[in-house]
Amino acid sequence: MGGWDEVSDAVKPPPAERLGPYRGGMGTENEMTDDEKRHDQLTAAPDATEEDARPRIVVSEHDGVKRIDIAEDAPVRPGDPTSEPREN
């Protein structure tokens, strides 16, 4: 029985350059940052706009405690489901 040298091309993983920017391997120049991935994903739909990729949360840290808040200008905000939405 043979070793790894005899594995057919059908089961070998593709080279890193064929995997694209998301899986290009660690430390490659093609890697995208998390923010770039988020923007790319949120603007990939046919009718998507830059507005779709705008951040909707604000993350802050005070005294070692991380706080996540809904941005004041977020188009959709949590609230009372029984009341009418407020006008912006």
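The values are calculated or read from the model by the stated rules, or taken from the named source; none is laboratory data. Note that the coordinates shown come from a computational prediction; the quantities given were computed from them, not determined experimentally. Using ideal geometry, Cβ is built from the backbone for each residue, glycine included, and neighbour counts are taken over all protein chains shown.
Limited to the stretch 62-88, what total is found for residues that are farther than 26 Å from Leu42 by Cα and either outside any loop (DSSP other than H, G, I, E, B) or among the hydrophobic types (A, V, I, L, M, F, W, C) (or both)?
Total meeting the criteria: 2.
Taking the residues in the stretch 62-85 that are within 18 Å of Asp35 (Cβ to Cβ) and not small (Gly, Ala, Ser) as candidates, determine which candidate is modelled with the highest pLDDT.
Per the stated criteria, the residue is Lys66.
From the residues in the stretch 37-60 that are touching a strand residue (DSSP E or B) at 6+ places or on another chain (Cβ under 7 Å) and exposed (fewer than 10 other Cβ atoms within 10 Å of the Cβ), which one is modelled with the lowest pLDDT?
Ile57
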